[in-house]
Amino acid sequence: MAPTFAVAVSLDEFRPGAVLVTASGEIDMATAPKLRAAILAQVNGKPVDIVVDLSAVSFLDSSGIAALVAGYRRVEETGGAFTVRNPQPRVQRVLQLSGLANVFAIGAA
């Protein structure tokens, strides 16, 4: 059975005015396009703060990294802020090894 993946979009209760994109499951070649689409759909040429919660993500591969980078770039282009929140240790390690832990704002709820 294939691992499940879900992505949800809501307002961020910890950061008023920010949009929260919550992902769960594994972010890989099959699921990364859904994450990318969810992030990019929130950016319509206007500044917006995006918070991506990865607390329920158990796996992140290079296509997941690419989805996050695409979101980060689009948000930065419009003058918004991009934050990754609560990555699990395994996912945090991937962000560190890729150098993105030094690019993205990474925080806890």
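The values are calculated or read from the model by the stated rules, or taken from the named source; none is laboratory data. Because the structure is a prediction, the values reported are computed rather than measured. Every residue, glycine among them, receives a Cβ derived from its backbone with ideal geometry; neighbour counts consider all protein chains shown. With ligands, DNA and RNA removed, areas are computed over all heavy atoms of the protein, side chains included. Shrake-Rupley method; radii C 1.70, N 1.55, O 1.52, S 1.80 Å.
Odds and ends about this structure:
- Surface composition of the chain: carbon and sulfur make up 56 percent of the accessible area, probe 1.4 Å.
- CD proxy at 222 nm, helix term only [per DSSP H run n ≥ 4: -39500 (n - 2.57); per residue of the chain; nearest 500]: -10000 deg cm²/dmol
- Among beta bridges that DSSP assigns inside the chain, antiparallel share in %, nearest 5: 30
- The charge dipole of segment 42-109, taken about its Cα centre with unit charges on the Cβ of Lys, Arg, Asp and Glu (plus for the first two, minus for the last two), comes to roughly 80 debye.
- Taking label points 7 Å from Cα along the Cα-to-Cβ direction, T78 and S62 give a separation of 2.9 nm.
- Note on E13: accessible area is roughly 150 Å² with a 1.4 Å probe, heavy atoms of protein only.
- Kirkwood Rh in Å, taken over all unlike Cα pairs in segment 30-92: 11.8
- Separation in nanometres of the label points that stand 7 Å from Cα toward Cβ, at Q96 and A41: 3.4
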